[in-house]
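Scroll down for the structure; my scribbles are underneath it.
Just so you know, all these numbers are worked out from the coordinates, no wet-lab data involved. Fair warning: this is a prediction, and the values are worked out from it, not measured in the lab. Ideal geometry is used to build each Cβ from the backbone, glycine not excepted, and the neighbour counts take in all protein chains shown.
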Amino acid sequence: MNQQKNIHFSLLIRISKRLFEFNFRKRSDGSYDGDTGDDRGNRHYFKMIKQDKEWQLQGSGLPKWITENDKLIAEALQEKESVG
């Protein structure tokens with residue numbers, strides 16, 4: 001029987017002079033489900049998909065502080081993957 005590992009981890013990413021904890025869970029197709037919290041305790045959920053060797057953030061209704069920093073999130077995820 002072939003079982004898939006449940007891979008999940010958290011990354012601290014500095015956005016606007018604050019550290020935010022981003023949680024990631026790897027899916028069987030190689031993408032990641034992600035979530036993070038804001039100052040009010042609201043959770044924001046998104047997906048990271050690799051297209052043309054670069055990570056792309058996908059999600060609807062996300063606040064600007066997440067969508068405007070999608071490159072920082074993608075870089076942190078890429079670094080985590082390259083380290084293992």
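For the chain, a Gaussian network of Cα nodes joined below 10 Å ranks ASN23, ASN69, ASN42 by mean-square fluctuation, and the top entry is ASN42. The calculated FRET efficiency for the pair VAL83 and ASP38, based on their C-beta separation and a Förster distance of 41 Å, comes to about 0.90. When you restrict to C-alpha pairs under 8 Å that are six or more residues apart and normalise by the size of region 8-83, the relative contact order lands at 20 percent.
Only the Cβ atoms of Lys and Arg (+1) and of Asp and Glu (-1) were treated as charged; on that basis the dipole of the chain about its Cα centre amounts to roughly 160 debye. Using mean projected area of the Cα convex hull in nm² as the read-out, say which of [x] 5.2; [y] 6.4; [z] 7.1 was calculated from these coordinates. Evaluating mean projected area of the Cα convex hull in nm² on these atoms matches [y]. The stretch between LYS17 and ILE49, if pulled fully straight at 0.36 nm per residue, gains 8.9 nm over its current Cα-Cα span.
Projecting label points 7 angstrom from Cα along Cα→Cβ for GLN58 and ALA74 puts them 1.4 nm apart. I want to check a number: in the chain, how many lysine pairs have alpha carbons closer than 18 Å, given a sequence separation of 8 or more or different chains? Lysine pairs meeting both conditions in the chain amount to 16.
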